[in-house]
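*Asks:* What follows is a structure written as structure tokens; I'll ask about it next.
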Amino acid sequence: IARKVRAFHPWPGTFTTWNKKILKVIEAQSSSASTSDYVPGSVIQTDDRRPEVVTGNGALTLQTIQLEGRKAVAASEFILGYQDFVGSRLGS
């Protein structure tokens, strides 16, 4: 998934949905975090306060994201403004 994010930037971009809005993933990198306790698509937070999305094979650390109608921001800043993001599930 991290390679697709890089390949599809800037066009056509990599998207998912959150709270019925489009969420564009601009920068991300793969993570080897232990995620066996979570369902794929779940958003968790690392010890260094970065949001990660659980995948079928590990996790994806979100670095820069953009919510529909908003500016692109660092994911660590995004979770400060949208505290319900961590613990939610993307794409549903």
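The values are calculated or read from the model by the stated rules, or taken from the named source; none is laboratory data. Note that the coordinates shown come from a computational prediction; the quantities given were computed from them, not determined experimentally. Using ideal geometry, Cβ is built from the backbone for each residue, glycine included, and neighbour counts are taken over all protein chains shown.
*Asks:* For a quick check of your reading of the model, give me the residue pairs whose first member lies in segment 44-58 and is touching a residue at least 40 places away in the same chain (Cβ under 8 Å), whose second is of a type outside the set (V, I, T), with beta-carbon atoms closer than 6 Å and at least 6 apart or on different chains.
*Replies:* I44/E52; Q45/P51; T55/P40
*Asks:* Restricting to segment 49-69, name every residue that is of a type in the set (D, E, K, R) and surrounded by fewer than 14 Cβ atoms within 10 Å (Cβ to Cβ).
*Replies:* Start the filter on segment 49-69 by keeping residues that are of a type in the set (D, E, K, R), which leaves 49-50, 52, 68.
Selection gives R49, E68.
*Asks:* Can I ask one more? Within segment 21-40, take every residue that is of a type in the set (G, A, S) and either within 9 Å of the chain's Cα centre (by Cα) or modelled with pLDDT under 90 (or both) and give me the one that is surrounded by the most Cβ atoms within 10 Å (Cβ to Cβ).
*Replies:* Here is the first cut: in segment 21-40, the residues of a type in the set (G, A, S) are 28, 30-34, 36.
Next, from what is left, pick out any that are either within 9 Å of the chain's Cα centre (by Cα) or modelled with pLDDT under 90 (or both): 28, 31-34, 36.
On the way: A28: 25, S31: 20, S32: 8, A33: 15, S34: 9, S36: 5.
That would be A28.
*Asks:* Just the residues that are closer than 14 Å to R49 by Cβ, surrounded by 14 or more Cβ atoms within 10 Å (Cβ to Cβ) and hydrophobic (A, V, I, L, M, F, W, C), please, taken from segment 74-92.
*Replies:* Listed by number, the residues that qualify are A74, A75, F78, I79, F85, V86.
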